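Report on one structure; see the data block that follows.
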Amino acid sequence: MKKILTALLLVLLAAAGCSGAADDIVIGDRPYHIDPSTCDPDSRRVIDQEQLSQINRCASERVAMVDGTPASYVVIRHGPGMDCPAGCIYEEKAAIVLPDRVAILPEPFLTDREIRDRLNHELYLALPGDVLRHAERHLVERNGQWQMVLTFDKYLEGTVTLNPDRRWEESMQVDAVPTGILTAPEAQERVLEAYAGQCQPPGGALLSTELTPLEEGGWLVTVVWEMGDVYHKVAARVDNAGAVTFPDGCGN
């Protein structure tokens, strides 16, 4: 049977080589482009001004300036698509579209996911996936330089300022503090307090604590105690209100 399957495979490969079908086999993404006429008017203004071709994606977001002037933040992905077998990478053109002009940015602002990850990293938080829905955005132009300023009605008090710069330190400035949400040290403290109250403490030395932000907000906290040659491990979930649960009981 093994010989028969091997022979059949060789026949199929030979047939593919003769017909040219092997050239159609691509691992990963293929280049994908859209008709620019399907883009919104603000995106088309950027495409026309910059004479962009091979459009992969157009995205436009209405963001007013601080003085109330209506504006749009536009990002156009374009080009032939690079390294497509590994996923297709396109060039990006970012712009601010105003009623009377189009201002091209040197780089796009951080995406919502990048903003959340950066805030979690800098403030030791576990912000939920929808945190940016609670942010009001305004554009500011200072001496020809553009910024996007975010103010939050939940989770954070203060401002977060985005700069069109891909350098880590320059891309975002955080002038905000958490409010009504647990930091990582606070979550760890809540878990240890809850464990001491609900379970029999193992009595060994605390070896490690690992905190993982949850998509819905809050933390997954894994604590390990060392007791000689034996390790005791417990996992807990802590929501941003401070409630602690032990999904697997008091651990093992």
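Could you check region 136-155 and list, in sequence order, the residues that are more than 20 Å from Glu170 (Cβ to Cβ) and assigned to a strand (DSSP E or B)? Walk me through it before giving the result.
First pass over region 136-155, keeping only residues more than 20 Å from Glu170 (Cβ to Cβ): 136, 151-155.
Glu136, Thr151, Phe152, listed by residue number.
Which residues, taken from region 35-74, are out of contact with any strand residue (DSSP E or B) (no Cβ under 7 Å at 6 or more places or on another chain), loosely packed, with under 15 Cβ neighbours inside 10 Å and charged (D, E, K, R)?
Within region 35-74, Asp35, Asp48, Asp67 qualify.
Return the residue satisfying two criteria in turn: it lies in region 182-208 and is modelled with pLDDT of 90 or more and not in a helix (DSSP H, G or I), and of such residues it is nearest to the chain's Cα centre (by Cα).
Thr183
Inside region 73-93, can you point out the residues that are of a type in the set (Lys, Arg) and farther than 13 Å from His33 by Cα?
Lys93
Just wondering, is there one or more residues in region 157-180 that are at positive phi and at pLDDT 90 or above?
So far as region 157-180 goes, yes, one or more of its residues are at positive phi and at pLDDT 90 or above.
Looking only at region 148-181, count how many residues are within 30 Å of Ala103 (Cβ to Cβ) and more than 20 Å from the chain's Cα centre (by Cα).
The number of residues fulfilling the criteria is 3.
Based on what the data block shows, is Trp225 without any contact (Cβ under 8 Å) to a residue 24 or more places away in the chain, of a type in the set (Phe, Trp, Tyr), loosely packed, with under 13 Cβ neighbours inside 10 Å and not assigned by TED's automatic domain parsing to the domain that holds Ala95? Working first, answer last.
Values: without any contact (Cβ under 8 Å) to a residue 24 or more places away in the chain: yes; of a type in the set (Phe, Trp, Tyr): yes; loosely packed, with under 13 Cβ neighbours inside 10 Å: no; not assigned by TED's automatic domain parsing to the domain that holds Ala95: yes.
Considered against the rule, which asks whether it is without any contact (Cβ under 8 Å) to a residue 24 or more places away in the chain, of a type in the set (Phe, Trp, Tyr), loosely packed, with under 13 Cβ neighbours inside 10 Å and not assigned by TED's automatic domain parsing to the domain that holds Ala95, Trp225 comes out as no.
Conditions: (1) surrounded by fewer than 20 Cβ atoms within 10 Å (Cβ to Cβ); (2) free of Cβ contacts under 8 Å to residues at least 40 places away in the same chain; (3) under 23 Å from Pro213 (Cβ atoms). Arg142 meets all but one. Number of the miss?
(3)
Given the options Ala135, Ala94, Ala86, name the one that is among the aliphatic types (A, V, I, L, M) and within 17 Å of the chain's Cα centre (by Cα).
The unique qualifying residue is Ala135.
Pairs, please: C-beta under 7 Å, at least 6 apart or cross-chain, first residue in the same structural domain as Glu141 (by TED's automatic domain parsing) and in region 41-69, second in a helix (DSSP H, G or I)?
So the pair list comes out empty.
Can you go through Val234, Val238 and tell me which one is more than 26 Å from the chain's Cα centre (by Cα), crowded, with 18+ Cβ neighbours inside 10 Å and not assigned by TED's automatic domain parsing to the domain that holds His138?
Of Val234, Val238, the one residue that is more than 26 Å from the chain's Cα centre (by Cα), crowded, with 18+ Cβ neighbours inside 10 Å and not assigned by TED's automatic domain parsing to the domain that holds His138 is Val234.
When you scan region 101-111, do you find a residue that is of a type outside the set (S, T, N, Q), farther than 30 Å from Asn240 by Cβ and within 18 Å of the chain's Cα centre (by Cα), even just one?
yes
Considering only region 72-111, how many residues are part of a loop (DSSP other than H, G, I, E, B) and either touching a residue at least 24 places away in the same chain (Cβ under 8 Å) or of a type in the set (Val, Ile, Thr) (or both)?
Residues flagged as part of a loop (DSSP other than H, G, I, E, B) and either touching a residue at least 24 places away in the same chain (Cβ under 8 Å) or of a type in the set (Val, Ile, Thr) (or both) within region 72-111 amount to 11.
The values are calculated or read from the model by the stated rules, or taken from the named source; none is laboratory data. In this text the structure is predicted, and so the values were computed from the model without any measurement. Backbone-built Cβ (ideal geometry, glycine too); neighbour counts: all protein chains shown.
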